[in-house]
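Engineer: Take a look at this one; I'll ask things after.
The values are calculated or read from the model by the stated rules, or taken from the named source; none is laboratory data. A quick note: this is a predicted structure, and the numbers were derived from the prediction, not measured. Neighbour counts run over all protein chains shown; Cβ positions are idealised from the backbone, glycine included.
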Amino acid sequence: MRNFLDNLKNEGKLELVDPSDEIALSYEKKSGNCLQAAKLIFKAALYENAVGEAYYSIYNSIQSLFFRCGIKCESHGAAAVLLKRIFVLPKIYKIFSDAKEERIDKQYYVTPRQNKPVTDRSAQELISTADRFILEIGAYKNSLKLTQIEEIRERFRKELG
């Protein structure tokens, strides 16, 4: 795991940056747009695509959190690691990891090869999860105090040297 994170750091894809409420708000808006798209796509019965957009609504809300804390992360896998080890948010980590697996399954594999073929119900469940996730992570992000952000940044420094 350490090599994975170190490689991303060396490539400039994982690093501390100045915290930015402006960028955080941009990702928050992007997250909402993805969720809205997921709902519209679901209504058109394009369930695999709805799963992808629901996932990206979750991912973009995480990016919003990261930029609020001044962390640039250009890797979905590293985002999961950061949620678990730097932010210490096991519930958020689990939801994100499950959504990530679901998106990969639906985006890269055709129905006969999918682990769990998409249904209207499974797509709707991920959209509902994304709806709740965005609210939960937004509340957490907005409740962070400067001292908590600095603690998160310090854990990042220790983890990545």
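Engineer: Among the numbered conditions (1) buried (at least 16 other Cβ atoms within 10 Å of the Cβ); (2) over 25 Å from Leu16 (Cβ atoms), tell me where Lys43 comes up short.
Structural biologist: Here Lys43 clears every test but (1).
Engineer: Consider Ile134 carefully, then state whether it is modelled with pLDDT of 95 or more, part of a helix (DSSP H, G or I) and closer than 23 Å to Gly52 by Cα.
Structural biologist: yes
Engineer: Right, here's the next one. Would you be able to say whether some residue in the stretch 118-135 is of a type in the set (S, T, N, Q), more than 14 Å from the chain's Cα centre (by Cα) and within 18 Å of Gln36 (Cβ to Cβ)?
Structural biologist: Checking the stretch 118-135: at least one residue is of a type in the set (S, T, N, Q), more than 14 Å from the chain's Cα centre (by Cα) and within 18 Å of Gln36 (Cβ to Cβ).
Engineer: In addition: Hey, could you check the stretch 113-161 for residues that are polar (S, T, N, Q) and farther than 20 Å from Tyr93 by Cα and say which is surrounded by the fewest Cβ atoms within 10 Å (Cβ to Cβ)?
Structural biologist: By that ranking, first place goes to Thr147.
Engineer: Find all pairs meeting these conditions: Cβ atoms under 6 angstrom apart; at least six residues apart or on different chains; first residue within the stretch 115-143 and more than 30 Å from Ser20 (Cβ to Cβ); second residue exposed (fewer than 11 other Cβ atoms within 10 Å of the Cβ).
Structural biologist: Filtered contacts from the stretch 115-143: Pro117/Thr111.
Engineer: Within the stretch 46-77, take every residue that is touching a strand residue (DSSP E or B) at 6+ places or on another chain (Cβ under 6 Å) and crowded, with 21+ Cβ neighbours inside 10 Å and give me the one that is farthest from Arg153 (Cα to Cα).
Structural biologist: Cys73
Engineer: Under 7 Å between Cβ atoms, which residue pairs at least 6 apart in sequence (or on different chains) link something in the stretch 16-40 that is closer than 15 Å to Ala123 by Cβ with a partner that is surrounded by fewer than 17 Cβ atoms within 10 Å (Cβ to Cβ) and not polar (S, T, N, Q)?
Structural biologist: From the stretch 16-40, the pairs are Leu35/Asp131.
Engineer: Moving to a separate point now. Can you name the helices (runs of 4 or more DSSP H) wholly within the stretch 1-100 that have at least 2 residues being small (Gly, Ala, Ser)?
Structural biologist: 21-43, 47-68, 76-85
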